[in-house]
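For reference, the structure discussed in these notes is given below.
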Amino acid sequence: MALSTRRPTLPRRRRRGARGLRTELGRFWSVQQLALVLLSAAGVALFIVGLQGVSGWTTDPAVWLLAVVPVLLVRVADSAWPLAYWGVLLYLWVLAVPAASFSWWSVLGGTGLILSHAATALSASAPPAADFPATVLRAWLTRTVLALAAAGAVAGTIHLVAGRVS
């Protein structure tokens with residue numbers, strides 16, 4: 001297999017009418033990147049709703065501030081900060097949920113986890129100003145839906161097995 005001698009091409013400069021947001025620091029964020037950040041925050045919100053449902057506790061309104069953290073982590077999405085953040089959320093789940101319990105609320109929490117992770121991973125794979133080609137978005141959506149379907153199948157299997165084992 002021969003190595004390519006082609007030089008990588010630099011991204012073109014943004015054209016004047018490009019859709020997106022320029023921050024106070026002068027960095028440009030494309031609409032697609034901003035949508036991925038909002039999807040990540042929505043995934044965290046789903047996770048918190050699932051956590052409330054499975055644990056049965058009423059959450060202090062301050063816990064909902066955790067759903068804003070993905071917006072704050074957008075500048076460091078390609079670092080280990082999102083991993084540490086999800087480690088804290090999963091630790092909160094372990095503390096709040098009774099051991100060896102299963103509830104359909106768990107599926108909602110898992111859905112939030114998958115959506116947030118998939119959105120953050122795609123966002124971190126390109127610079128903030130990048131627009132993703134339609135083929136990349138289709139492949140990402142296909143894989144995300146496949147992961148969600150697999151999670152649903154696993155949850156259904158757990159429900160069947162848990163009903164037989166007592």
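In terms of its C-alpha gyration tensor, the stretch 65-166 comes out oblate, because a/c is 1.5 or above while a/b does not outweigh b/c. For 159, 117, the sequence from fewest to most other C-beta atoms within 10 Å is 159, 117. Computing FRET efficiency as 1/(1 + (r/R0)^6) for residue 160 and residue 134, where r is the C-beta to C-beta distance and R0 is 25 Å, gives about 0.05.
First check a/c for the stretch 74-131, with a ≥ b ≥ c the square roots of the eigenvalues of its C-alpha gyration tensor; if it is under 1.5, answer rounded, and if not, answer prolate when a/b is larger than b/c or oblate otherwise. Oblate, because a/c is 1.5 or more while a/b does not exceed b/c. What is the set of long-range amide H partners of residue 29 at a cut-off below 5 Å, with H atoms built 1.01 Å from backbone N? Amide H to amide H, under 5 Å and 5 or more residues apart or across chains, residue 29 pairs with 21, 22, 23. Under 11 Å from a point placed 7 Å out from the Cα of residue 92 along the Cα-to-Cβ direction: which residues of the stretch 38-65 have their backbone N that close? Only 44-52, 59-65 pass the distance filter. Working note: Karplus 6.51/-1.76/1.60 with θ = phi - 60° gives the stretch 28-45 the couplings 9, 10, 6, 4, 5, 5, 5, 5, 5, 5, 5, 5, 5, 5, 5, x, 5, 4 Hz, where Gly and Pro are set to x.
Throughout, read-outs are computed from the coordinates displayed, never taken from laboratory work. Bear in mind that the values here come from a model prediction, so they are computed numbers and not experimental data. So basically every Cβ, Gly included, is an ideal-geometry build from the backbone, and we count neighbours across all protein chains shown.
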